[in-house]
Amino acid sequence: MAKDKLIESLSYEEAFQELERIVTGLEAQVTNLDQAIQLFERGQGLAKHCSAILEKAELKVEELTEDGDLRQRSDEA
Amino acid sequence: MDQLPLFAESRVPWTVTDLSRFLRALIESEPLLQSIWVRGEVSNFSRPKSGHWYFTLKDRDGQLPCVMWRSTAELQVRIPQDGEAVEVHGGLSVYESGGRYQLYVDEVRAGGDGALFLQFMRLKEKLEAEGLFAAERKRALPPWPKRIGIITSPSGAALHDMLQTLSRRYPLTKVILAPAAVQGEDAPFQLTDALKRMNQFVQPDLILLARGGGSLEDLAAFNSEKLARAISASQAPVICGVGHETDFTLADFAADLRAPTPTAAAEMATPSLVDLDTALFMLTQQLLRHSPFSLVRRERQRLDEVSLRGARALRQQAQVLRSAFSGLQASLAALSPHAVLERGYAVVSKADGAAISRVGQVAPGESLQVQVSDGRFGARVEKED
């Protein structure tokens, strides 16, 4: 399990998928208590991170120009 | 109608009126004739003071008298001209005092579509034969698209609808718009060019190609061979959302997925926020259930109740769900191992790390590890109690 990555740097998809792996890992009866605690705490952090992303999410819209550049679009959604 | 058997068997002649009535009832009882489209050329168009329209629909060998009542005629945007090819819709009946059948028209549309439709069918068959529309060419859509390309008119309602839908359902994504005319002479080129640029410069996870509804003529750009080929060559999967319920365009056939409207296209492209919330909520529940701490296990029943309540709530709406979720976050924080240790509890484990929860697990003289809130220390078992 990749624990090296900082939770804050994960995308929603990455965080969610890691959380899924952690739950699966905990379900598979981890014998080492330390490891279980670490997994659990990491899972808690991931869940918080996911929740925060959903709260803050706002659609970003850019426009592709003729030359293939991207420019910010004044929002109209 | 009931009189028919009597008369039919009899040599007593029918009155003209009876015959007309009988024919009228016969025709009006046939559903097929009560809602039909007929095409032909307008002639003898007249619009007397009454406001009703009278005209004859002709083709090479036949004529059909037509009437449009004033209530419908008043709503028509344009008045048919003699000689014009049209398609009319209505129900057939008998005009008894005139002794003729006629069509009571409720809709008129330009009849140029006939030729256009033939052209469409020929092109469709050709591309079909090349395998452009084959089912095995259709690609699966990414479940959580990070970047969505949109190709449509920058000023149309279609764009507005799609952005609203994406913003509501899945604001985690980023939208890249490549503006293009969706009707007019230049539209096929602009649409094709936008599609190519999108693939070349942006490489989005998927592309929405859309416009609002219109007549077959309005949709001509979406029936162009060039665009159909560009869609099938697109690296990113394409969802085509042209606002028309019944007719398919060639772009629809070439796309990986066809949606009936721009809004539906945006919906097909994304998971909904409610679904994501639900999934996260469920997963967090599972995490709690497998917490390594016995204290958490004792709380489990209580949490299950929260979970059940939450599950019911989230079926209703995301907002309710969010509050249930933050409540859970709070419970989770309260149950954190650190909080427990802060209160003076300790985790005692063997040298190999196995946690001790029974007296029988240890023997006098054995070395153990004790973890408290700020660290750990060693200890030795003296004797069993």
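Going by the structure shown, is B:Ala265 over 14 Å from B:Gly149 (Cβ atoms) and either under 21 Å from the mean Cα position of the chain (by Cα) or at pLDDT 85 or above (or both)?
Judged against the criteria, B:Ala265 is not a match.
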Handout entry: Lone qualifier among B:Leu195, B:Leu191, B:Leu209 - being more than 13 Å from every other protein chain (Cβ to nearest Cβ), in a helix (DSSP H, G or I) and either of a type in the set (S, T, N, Q) or open to solvent by less than 20 Å² (accessible area, probe 1.4 Å) (or both)
Key = B:Leu191
Practice task
Please indicate, with yes or no, whether at least one residue in the range B:235-258 is modelled with pLDDT under 85 and in a helix (DSSP H, G or I).
Solution key: no
Practice task
Consider only pairs whose beta carbons are under 9 Å apart and that are at least six residues apart or on different chains; among these, list those whose first residue lies in the range B:156-172 and is more than 10 Å from chain A (Cβ to nearest Cβ) and whose second residue is of a type in the set (A, V, I, L, M) and open to solvent by 10 Å² or more (accessible area, probe 1.4 Å).
Solution key: B:Gly156/B:Val182; B:Ala158/B:Val182
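Looking for something within 14 Å of another protein chain (Cβ to nearest Cβ), touching a strand residue (DSSP E or B) at 6+ places or on another chain (Cβ under 6 Å) and either of a type in the set (Phe, Trp, Tyr) or open to solvent by less than 60 Å² (accessible area, probe 1.4 Å) (or both) - is there at least one such residue anywhere in the range B:138-147?
The answer is yes, given that some residue of the range B:138-147 is within 14 Å of another protein chain (Cβ to nearest Cβ), touching a strand residue (DSSP E or B) at 6+ places or on another chain (Cβ under 6 Å) and either of a type in the set (Phe, Trp, Tyr) or open to solvent by less than 60 Å² (accessible area, probe 1.4 Å) (or both).
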Handout entry: In the range B:257-296, residue least open to solvent (accessible area, probe 1.4 Å) [restricted to those that are charged (D, E, K, R) and touching a residue at least 12 places away in the same chain (Cβ under 8 Å)]
Key = B:Asp277
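Of all residues in the range B:173-188 being crowded, with 21+ Cβ neighbours inside 10 Å and within 11 Å of chain A (Cβ to nearest Cβ), which is modelled with the lowest pLDDT?
B:Thr173
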Practice task
Could you please let me know if A:Ala52 is modelled with pLDDT of 85 or more, more than 9 Å from chain B (Cβ to nearest Cβ) and either part of a helix (DSSP H, G or I) or within 23 Å of B:Asp352 (Cβ to Cβ) (or both)?
Solution key: yes
Practice task
Please identify the pairs in which a residue from the range A:58-77 that is on the phi > 0 side of the Ramachandran plot has its Cβ atom under 6 Å from the Cβ atom of a residue that is aromatic (Phe, Trp, Tyr) and at pLDDT 85 or above, counting only partners at least 6 apart or on another chain.
Solution key: A:Gly68/B:Phe201
Exercise for the section: Pairs only if they're at least six apart or on different chains, beta carbon under 9 angstrom, first in the range B:76-101 and over 17 Å from B:Asp18 (Cβ atoms), second part of a loop (DSSP other than H, G, I, E, B) and open to solvent by 90 Å² or more (accessible area, probe 1.4 Å); list them, first residue then second. Expected result: B:Ile79/B:Arg47
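Within the range B:223-230, can one find any residue that is away from every other protein chain (no Cβ under 14 Å), in a helix (DSSP H, G or I), among the small types (Gly, Ala, Ser) and more than 30 Å from A:Lys56 (Cα to Cα)? Steps first, please.
Our first condition is that a residue be away from every other protein chain (no Cβ under 14 Å); within the range B:223-230, this holds for B:223-230.
The next check asks that each one be in a helix (DSSP H, G or I); those that pass are B:223, B:225-230.
Checking which are among the small types (Gly, Ala, Ser) leaves us with B:228, B:230.
Next, only the ones that are more than 30 Å from A:Lys56 (Cα to Cα) stay: B:228, B:230.
Within the range B:223-230, one or more residues are away from every other protein chain (no Cβ under 14 Å), in a helix (DSSP H, G or I), among the small types (Gly, Ala, Ser) and more than 30 Å from A:Lys56 (Cα to Cα).
The values are calculated or read from the model by the stated rules, or taken from the named source; none is laboratory data. Predicted model, so just to flag it, every value in this text is computed and none were measured. Positions of Cβ are generated from backbone atoms using ideal geometry, with glycine treated the same way; all protein chains shown enter the neighbour counts. When the accessible area is computed, the model is the full protein with side chains, heavy atoms only, and any ligands, DNA or RNA have been set aside. Shrake-Rupley method; radii C 1.70, N 1.55, O 1.52, S 1.80 Å.
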